[in-house]
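Enquirer: Shown below is the structure under consideration.
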Amino acid sequence: MPRWKPLPEGTEPSVRQLVAHLRRLKDRSGLTLAALETRTGCSRSSWERYLAGRALPSRRAVETLCELSGTDPVRLLALREVAQTVWDASAAGGENGTAYDDRTAGEGEGEGQGGEREGEGGEGEGGAGEGRPLRHGVGRGVFALAVTAAFAVAALTGTLLGRAAGREATPATRLPLLHCHVRSEEGALYAGYGRTWKRTIGLGYYDEWVAEAECLLSHHGYDTGPVDGLYDIATRDAVRRAQVDGGVVHDGIVGRDTWPVLRREG
């Protein structure tokens, strides 16, 4: 069975994660591109571009694919908003060739059907930029359970909060608030979402490592906005402030130089 084509080098992490999820949902739905065109109202050429990472899908396209595959759209819509913001920032500097499609379902593009075809087979979990499994600490399954539990509690209390791309999110894209339990172990701080000292994360990531960084930043007094596992602009700005105070390169990216700053006691 053919595999999905790899995304181009330099594709933004948020776009990689978004495309990885879109591809997985398409495979889960069992629909061909022609069937997607019929069921969603978005042209086949549009879906080819979305699944190849050459265009950002509209909100309606994401919602419809989630509905067809029986998936809650909250996470994917949040990733789409971050991907859109990152692309907009890159496009302003002429650094990104990805297009953004905000057409509603049913609007055509006037393109032929001869666009680049993606393989109909699925790609593995890491095929389009997904993170590697944890070696230590909390695994992705536990993180997912924590997110699910937080979502359920927030929904019941009517206080579902979140932020995408550094601005207040709409109700459809709000993410569940996570809980931080920062503790000291052998002279270093840990929040329970991961024990890495060198993994690199940046704008657009959405995983347990981001939750770990957000908790540590909040513990040190840096405002990341809601702790939700989404590396948005507010998180990036908090990282930059911590980097300046910690005397390391302030690029807004958490890596092997920044984790020691976040895990430092005091």
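The values are calculated or read from the model by the stated rules, or taken from the named source; none is laboratory data. Computed from a predicted structure; not experimentally measured. So basically every Cβ, Gly included, is an ideal-geometry build from the backbone, and we count neighbours across all protein chains shown. The protein model used for the area step is the full one, side chains on, heavy atoms only, and it has no ligands, DNA or RNA in it. Shrake-Rupley method; radii C 1.70, N 1.55, O 1.52, S 1.80 Å.
Enquirer: Over the stretch 169-266, with every protein chain in place, what whole percent of the accessible area is carbon and sulfur at 1.4 Å, could you tell me?
Expert: The computed percentage sits at 51.
Enquirer: Given the peptides 76-85, 250-259, 220-229, arrange them by the average over their residues of other C-beta atoms within 10 Å, most packed first.
Expert: 76-85, 220-229, 250-259
Enquirer: Also: Peptides 22-29, 233-240, 11-18, 186-193: what's the order by average Cβ count within 10 Å, highest mean first?
Expert: Final packing ranking: 11-18, 233-240, 22-29, 186-193.
Enquirer: Expressed in nm to one decimal, what extension gain is obtained for the pair K5 and R264 from 0.36 nm per residue of sequence separation less their Cα-Cα distance?
Expert: 89.1 nm
Enquirer: Among residues other than D251 whose Cβ falls under 10 Å from its Cβ, what is the net charge (Lys/Arg +1, Asp/Glu -1)?
Expert: Its environment carries a net charge of +1.
Enquirer: At 1.4 Å probe size, with every protein chain present, just tell me what the per residue accessible area of the stretch 173-262 comes to in Å².
Expert: For the stretch 173-262, the per-residue accessible area is 39 Å².
Enquirer: Rounded, prolate or oblate for the stretch 179-266? Axes are the square roots of the Cα gyration tensor eigenvalues, ordered a ≥ b ≥ c, and the cut-off for rounded is a/c under 1.5.
Expert: Because its axes are fairly even, with a/c under 1.5, the stretch 179-266 counts as rounded.
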